[in-house]
């Protein structure tokens with residue numbers, strides 16, 4: 001009982017002489033809606049049916065038909081920053097999320113940690129009496145907080161959600177995801193051979209959370225944040241959804257884009273008179289491509305389309321549940337994408353998107369040969385950037401750039417109880433941004449943004465409510481100025497004008513080498529567009545209005561200083577160099593024991609510079625089997641195991657298998673098994689298997705180990721595997737038969753330096 005409640009109670013000698021008092025229960029005002037926020041991932045402006053696509057998205061289209069579509073809604077061009085804007089109502093750099101949370105660096109705008117001075121939607125609605133659930137992708141916890149040890153301050157429950165089910169990182173395998181329930185890691189409820197798919201599981205969980213809450217507290221409003229991993233790579237979906245699109249994209253990205261643009265104008269999501277921006281030189285002319293490449297790229301788009309339609313079907317299941325239980329009319333539904341379509345497949349697409357994180361391209365011939373794997377268990381695929389360009393029609397560029405192709409995405413608002421029936425299906429033209437969604441929700445829920453939370457003064461909101469636009473197509477935009485910055489790409493909107501830099505920088509080498517633009521902030525060229533007349537950012541007016549360009553550039557620097565944008569950094573992979581040091585640095589030698597969950601990859605000692613693994617085991621009579629330890633899967637991973645009693649090590653380097661096996665099995669009893677990798681100066685090097693100190697097999701890896709095996713994997717498992725295997729020698733879990741006493745991991749990168757005697761003598765002579 002708090003002090004205020006205690007003061008209201010009258011306490012006498014007996015119950016008859018006393019008057020009880022109870023703490024007040026927070027309740028939103030009558031009519032406060034339920035709130036369902038749906039966040040799709042890497043979905044372009046032109047990829048929903050209600051925004052012009054011919055991809056089947058009936059659930060999203062029904063929301064649009066019964067609600068409103070916004071054609072000038074903006075985001076940040078990347079995942080974590082947009083999600084931070086949405087949930088906090090503040091610009092991304094102000095809350096430390098100027099880049100993805102995976103790479104926190106030592107500057108306020110980029111530390112990957114939403115501060116307590118920016119309490120967000122889940123906390124404020126919970127405090128106002130809502131139940132709060134998050135389901136799906138999170139991507140707002142700093143790298144060094146994503147282990148079983150926490151800390152959990154930036155996990156969903158730490159930021160105000162009462163329940164959570166999903167995955168913490170930027171992407172995950174749709175068939176074998178790395179899942180968290182509340183504050184603990186859990187296994188998927190089924191395996192891929194049982195028909196499991198992540199998006200279906202997320203829909204199941206969202207329905208269950210809402211159903212349980214309403215049966216316990218009927219009528220209590222709820223907030224559900226439903227963030228699919230789709231349609232981010234890997235593009236994976238049931239085969240029937242993919243095959244429904246067979247042949248639909250055979251005439252290529254230019255033809256698809258032109259048809260889509262015509263539908264966009266007819267639907268009103270693109271104004272009449274808009275110029276469809278031209279195909280850039282770095283996107284190949286479909287007609288000039290060899291036939292086998294056209295077939296491959298068309299199949300990659302079929303996979304993406306099937307993935308999107310499958311995702312829409314799961315959204316439809318959640319909406320059908322709300323409709324069937326009489327809750328849809330009283331639920332405010334907001335559907336967005338966190339950024340424009342993604343070009344992370346590069347010019348040729350990718351069978352294995354893990355390669356993108358290592359700045360490398362696929363072997364095109366190999367991808368063509370394995371086209372039948374696309375979308376299934378064996379692939380971690382992403383389409384080529386020609387489809388990203390088309391999917392952002394009518395705009396330029398894509399995710400990771402401040403051009404409209406990166407920052408303008410769909411926004412659908414559906415709320416029958418609050419949007420007049422005669423406005424249903426209309427399009428709104430107001431300039432708005434992800435920061436406007438929190439103020440809108442608070443406004444409609446009757447909740448005021450508090451000045452303090454937990455005694456901490458709160459940052460002012462950067463967003464403003466869109467409520468006035470629901471009933472008035474001519475209502476003013478919530479703001480006239482908005483800056484953009486993502487990986488060095490910069491833009492600013494002010495009074496209907498937009499200035500955008502041509503900065504390409506050092507994001508990834510394939511774009512640096514093929515996409516023309518600046519690589520030096522000092523020489524960036526600012527283009528100028530009058531958005532009021534130029535919806536697609538197609539007509540550069542910079543040479544006609546140099547004074548306005550200079551004014552816009554000055555304004556950008558002002559906003560950058562005000563919002564913690566500086567210092568500018570245009571690297572992507574290179575940010576790892578400046579990344580925040582591990583708060584709990586790993587040791588040269590670490591002892592692990594079997595049992596428990598996976599050990600998060602970021603919390604293992606570094607292995608790429610070389611390692612020695614030592615396992616003390618006891619095996620029974622007969623052919624011993626099972627995993628000693630394993631990390632990752634056949635898309636990128638390694639495993640050490642016994643097969644028919646023989647020690648084996650397998651390394652799948654971006655899907656290319658390298659395997660070494662002992663010629664004979666182990667005798668029954670105790671053994672010390674050793675696996676070593678000695679990195680050469682140029683990368684790669686010998687891998688050796690030893691049994692009781694004697695070498696039994698060896699091979700050579702032709703390249704070094706990846707610095708990151710999985711973006712969202714389970715981590716190192718001892719005595720078993722999970723999900724997909726590293727190779728076809730076994731099927732997970734392939735539990736170890738026998739006993740593993742312990743596993744020792746020794747990292748060459750962390751080994752104490754042993755000084756040579758001659759170096760010691762030389763240094764002594766220099767001192768003399």
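Things worth noting here:
- Qualifying residues in region 602-626 (those that are in a loop (DSSP other than H, G, I, E, B) and either assigned by TED's automatic domain parsing to the domain that holds residue 143 or in contact with a helix residue (DSSP H, G or I) (Cβ under 7 Å, 6 or more places away or on another chain) (or both)) - the one farthest from residue 741 (Cα to Cα): 609
- Number of residues in region 113-158 that are modelled with pLDDT of 95 or more, in a loop (DSSP other than H, G, I, E, B) and in contact with a helix residue (DSSP H, G or I) (Cβ under 7 Å, 6 or more places away or on another chain): the value is 10.
- Reported count of residues in region 223-268, each being more than 17 Å from residue 305 (Cα to Cα) and either free of Cβ contacts under 8 Å to residues at least 12 places away in the same chain or over 27 Å from the mean Cα position of the chain (by Cα) (or both), is 9.
- So residue 168, is it buried (at least 23 other Cβ atoms within 10 Å of the Cβ), over 27 Å from residue 485 (Cβ atoms) and out of contact with any helix residue (DSSP H, G or I) (no Cβ under 6 Å at 6 or more places or on another chain): no
- Residue within region 482-495 that is over 25 Å from the mean Cα position of the chain (by Cα), surrounded by fewer than 19 Cβ atoms within 10 Å (Cβ to Cβ), in a loop (DSSP other than H, G, I, E, B) and at pLDDT 95 or above present: yes
- Total residues in region 632-663 satisfying the condition of being touching a residue at least 24 places away in the same chain (Cβ under 8 Å) and not in a strand (DSSP E or B): the figure is 7.
- The criterion of being on the phi < 0 side of the Ramachandran plot and at pLDDT below 95 does not hold for residue 662.
- Flag for residue 19 being in contact with a strand residue (DSSP E or B) (Cβ under 8 Å, 6 or more places away or on another chain) and free of Cβ contacts under 8 Å to residues at least 60 places away in the same chain: yes
Matching residues to (1) over 14 Å from residue 383 (Cα atoms); (2) in contact with a strand residue (DSSP E or B) (Cβ under 7 Å, 6 or more places away or on another chain):
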site: 242; (1), (2): no, no
site: 251; (1), (2): yes, no
site: 255; (1), (2): yes, no
site: 258; (1), (2): yes, no
site: 268; (1), (2): yes, yes
site: 283; (1), (2): no, no
site: 287; (1), (2): yes, no
site: 298; (1), (2): no, no
site: 319; (1), (2): yes, no
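- Which listed residue is over 23 Å from residue 92 (Cα atoms) and within 28 Å of the chain's Cα centre (by Cα), from 390, 434, 468: 390
- Flag not set for residue 336, criterion: part of a helix (DSSP H, G or I) and either assigned by TED's automatic domain parsing to the domain that holds residue 48 or farther than 26 Å from residue 428 by Cα (or both).
- Tabulated pairs, region 738-754, first without any contact (Cβ under 8 Å) to a residue 60 or more places away in the chain, second in a helix (DSSP H, G or I), C-beta under 7 angstrom, 6+ apart or interchain: none
- Pairing residues of region 184-197 that are at positive phi with residues that are surrounded by 11 or more Cβ atoms within 10 Å (Cβ to Cβ) and at pLDDT 95 or above, at Cβ distances under 9 Å and at least 6 apart in sequence or on separate chains, gives 195/238.
- Take the conditions (1) buried (at least 24 other Cβ atoms within 10 Å of the Cβ); (2) part of a helix (DSSP H, G or I); residue 412 misses just one of them, which is (2).
- Hey, residue 32 touching a residue at least 24 places away in the same chain (Cβ under 8 Å), within 18 Å of residue 413 (Cβ to Cβ) and surrounded by fewer than 24 Cβ atoms within 10 Å (Cβ to Cβ) or not: yes
- Scan of region 571-593 for residues that are part of a loop (DSSP other than H, G, I, E, B), surrounded by 17 or more Cβ atoms within 10 Å (Cβ to Cβ) and at pLDDT 95 or above, ordered by number: none
Matching residues to (1) out of contact with any strand residue (DSSP E or B) (no Cβ under 9 Å at 6 or more places or on another chain); (2) assigned to a helix (DSSP H, G or I); (3) surrounded by fewer than 12 Cβ atoms within 10 Å (Cβ to Cβ):
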| site | (1), (2), (3) |
| --- | --- |
| 533 | yes, no, no |
| 547 | yes, yes, yes |
| 561 | yes, yes, yes |
| 565 | no, no, no |
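- Output for region 700-723, where each listed residue is touching a residue at least 40 places away in the same chain (Cβ under 8 Å) and not in a loop (DSSP other than H, G, I, E, B): 701, 716, 717, 718
- Contacts under 7 angstrom Cβ, first residue in region 136-158 being surrounded by fewer than 19 Cβ atoms within 10 Å (Cβ to Cβ), partner in a strand (DSSP E or B), 6 or more apart: 148/185; 157/164
- Subset of region 611-624 that is modelled with pLDDT of 95 or more and buried (at least 18 other Cβ atoms within 10 Å of the Cβ) - its residue that is nearest to the chain's Cα centre (by Cα): 611
- Cross-chain or 6+ apart pairs with Cβ under 6 Å, region 507-530 first and farther than 18 Å from residue 357 by Cβ, then part of a helix (DSSP H, G or I) and modelled with pLDDT of 95 or more: 526/549; 526/553; 528/549
- For region 211-222, the tally of residues that are crowded, with 20+ Cβ neighbours inside 10 Å and either under 24 Å from the mean Cα position of the chain (by Cα) or assigned to a loop (DSSP other than H, G, I, E, B) (or both) stands at 1.
- When the residues of region 445-459 are filtered to those that are in contact (Cβ under 8 Å) with a residue 24 or more places away in the chain and in a loop (DSSP other than H, G, I, E, B), the one that is farthest from residue 76 (Cα to Cα) is 454.
- In region 679-694, residue farthest from the chain's Cα centre (by Cα) [restricted to those that are closer than 16 Å to residue 641 by Cβ and in contact (Cβ under 8 Å) with a residue 40 or more places away in the chain]: 691
- Scope region 669-697; condition in contact with a strand residue (DSSP E or B) (Cβ under 6 Å, 6 or more places away or on another chain), surrounded by fewer than 19 Cβ atoms within 10 Å (Cβ to Cβ) and in a loop (DSSP other than H, G, I, E, B); matching residues: 678, 684, 692
- Qualifying position, being outside the structural domain of residue 175 (by TED's automatic domain parsing), within 25 Å of residue 379 (Cα to Cα) and more than 30 Å from the chain's Cα centre (by Cα), among 725, 663, 702: 702
- Condition met for residue 81 (surrounded by 14 or more Cβ atoms within 10 Å (Cβ to Cβ) and in a helix (DSSP H, G or I)): yes
The values are calculated or read from the model by the stated rules, or taken from the named source; none is laboratory data. What you are looking at is a predicted structure, and each value in this text was computed from that prediction instead of being measured. Glycine gets a Cβ as well: all are built from the backbone with ideal geometry, and neighbour counts include every protein chain shown.
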